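Following: one structure in structure tokens, then a few remarks.
The values are calculated or read from the model by the stated rules, or taken from the named source; none is laboratory data. Given the structure is predicted, the values throughout are model-derived calculations rather than measurements. Positions of Cβ are backbone-derived with ideal geometry, glycine not excepted, and every protein chain shown enters the neighbour counts. The accessibility values were calculated without ligands, DNA or RNA, using every heavy atom of the protein model including side chains. Shrake-Rupley method; radii C 1.70, N 1.55, O 1.52, S 1.80 Å.
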Amino acid sequence: MRHRSAAWLAAILAAALPARADPGTDALAPFLDAVASCAGRSDLSLAVIGPEPGQTAWSREQAEEVRLAVESRLQGTGRVRLAAAADVVRVKALREGTTGLSGPEAEAQIRAAFAGEASVFLVEPRRAGETAAFRLQAITRSVACKATSEPLTVPIRVGAGVADVDAEMERAVRAFGQAAPTVAAVEVCPFVAEGGHSSCAGALTDRLVIALDAESRSANRLLKGARLEVRRRPPGTTCTGPVTARGRFLTDPERRSWMEVEFQRDGAVLAPSGRRRIAVEGLGCDPTPRPFLDHLAATARTDGGRLAVAATATPFARGQRLELRIDARARQSLYCWVVAPDETAFVALPVRGNAASLTPLAAGDVRRYPRGYGLDEIVAGDPFKNLFSCFGVAGGLPPELAERWLAAAPGADGEARLLRPPEVLDLVERIRAVPGLTEATARIVVP
């Protein structure tokens, strides 16, 4: 009973005490006083623009996090209303999606988003550990007066990989915009990993596309009507176009990671980034460069609880019958091919006109390829090293992909068609994007 009375008494005292002021909010009082003096009114409407686009102290995500923290602190003062200056893209998308605004109406709403007694910028951005330091600088609508705050700090999430990479991508895109401000379209070529294949090349291509897409939707471009179309080329294809973005991923003997980005127009270099050291830990990729077959096997979406493939001999002797065991541990349709080190491939399953290969496998089914499908035996001959790779899909591939796959498959009327590297790489990327996919691989080696 005694401890309950103590707790009750503590609650009463806490309720009676005045609320403790937020020191971050209190620090803004002199700044807001100066802005009010500039604007000539006490009830302020402020448009928080955020940091300058050219800053590299923070990644794009961190800059947005800092801007939102500033807005939260300003609202906490109870002295300001916020205009949607930095959110014009969201406003525009919302309006177009719900009301079908005309061009002039959309432009009018964007201009309204910047309405306010002053625009607030984040200047002198710095990053120290897990904090962001900066000053607020307010410029009145008439540009006749400005006010600058004392230094402020807010906590930020620090993810070295993504933050560093995004900062470098933003730097490269900014240099490109300065070198070619009127470019209306850019072809993004897949990053190339020096010394082999690495999943980090694909991850870096993703980050470059994101940076260019953000630039294409920037408020500055929208207000000027300066459109930028970003097109991503499939892997393995020749990257052509009046303006291209090309990247290279490298690792050095100390296992440090580097990247290079280069924009070209009609073969002339516009804005090379130079070699930039990056941290890839936050990208969820493996920086190790590998030969193609090793890379394909290492990045496969394997799940031994659903699908397993194994060669019956490792290696096969010349003259020995080649055979692979396929264990289906869940119901699924099977798509298998034989991939060579030179990035070419032949489809092995299904076989057009072969009912056994076209029928989905049930959970617990075990098949032997090729004789388990009524196909001719294959006898090991000349030395080679290939990869037998299978995709398992519960409901089958989407119609377009299934049609492409079967068009290259063997049938009663002919052999399988040789798939060239661009098509192999494109199929891998597209099939791996299918939800619920499982992969299994096995080496076929004849020494």
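Restricting attention to region 180-195, the residues being among the small types (G, A, S) and within 13 Å of T244 (Cβ to Cβ) number 2. Regarding N354, is this residue more than 29 Å from R290 (Cβ to Cβ) and among the polar types (S, T, N, Q)? Here the answer is yes, as N354 does meet what is asked.
Selection within region 253-271: residues that are more than 16 Å from L204 (Cα to Cα) and in contact with a strand residue (DSSP E or B) (Cβ under 7 Å, 6 or more places away or on another chain). The member of this set that is least open to solvent (accessible area, probe 1.4 Å) is A271.
Of all residues in region 200-237, those being farther than 18 Å from D166 by Cβ and touching a residue at least 60 places away in the same chain (Cβ under 8 Å) number 8. Assess whether L334 counts as being not in a loop (DSSP other than H, G, I, E, B) and not basic (K, R). Answer is yes for this residue.
Residue-wise test of (1) among the polar types (S, T, N, Q); (2) in contact with a Leu (Cβ under 6 Å, 6 or more places away or on another chain); (3) over 27 Å from P422 (Cα atoms).
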{"residue": "S199", "(1), (2), (3)": "yes, no, no"}
{"residue": "R217", "(1), (2), (3)": "no, no, yes"}
{"residue": "R221", "(1), (2), (3)": "no, no, yes"}
{"residue": "R265", "(1), (2), (3)": "no, no, no"}
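Scanning region 280-324 for residues that are in a strand (DSSP E or B) and under 19 Å from C336 (Cβ atoms) yields a total of 9. Within region 419-435, the residues that satisfy the criterion of being over 19 Å from T238 (Cα atoms) and open to solvent by 40 Å² or more (accessible area, probe 1.4 Å) are R432, A433, P435.
In region 347-370, which residue that is free of Cβ contacts under 8 Å to residues at least 24 places away in the same chain and of a type in the set (S, T, Y) is farthest from P421 (Cα to Cα)? Applying the filter and picking the extreme gives T359. Restricting A163, A167, A193 to those that are of a type in the set (G, A, S) and at pLDDT 85 or above reduces the list to A193.
Residues considered: R217, R255, R275, R265. Of these, the only one that is within 30 Å of A47 (Cα to Cα), more than 16 Å from the chain's Cα centre (by Cα) and not polar (S, T, N, Q) is R217. Tell me which residues, restricted to region 373-395, are under 25 Å from V434 (Cβ atoms), small (G, A, S) and buried (at least 16 other Cβ atoms within 10 Å of the Cβ). Hits for region 373-395 are S389, G392. Among residues of region 51-62 that are on the phi < 0 side of the Ramachandran plot and part of a loop (DSSP other than H, G, I, E, B), those with a beta-carbon under 9 Å from a residue that is buried (at least 19 other Cβ atoms within 10 Å of the Cβ) and at pLDDT below 70 at least six positions away or on a different chain give the pairs W58/A163; S59/V162; S59/A163. Of the numbered criteria (1) hydrophobic (A, V, I, L, M, F, W, C); (2) in contact with an Asp or Glu (Cβ under 9 Å, 6 or more places away or on another chain); (3) open to solvent by 40 Å² or more (accessible area, probe 1.4 Å), the one L307 fails is (3).
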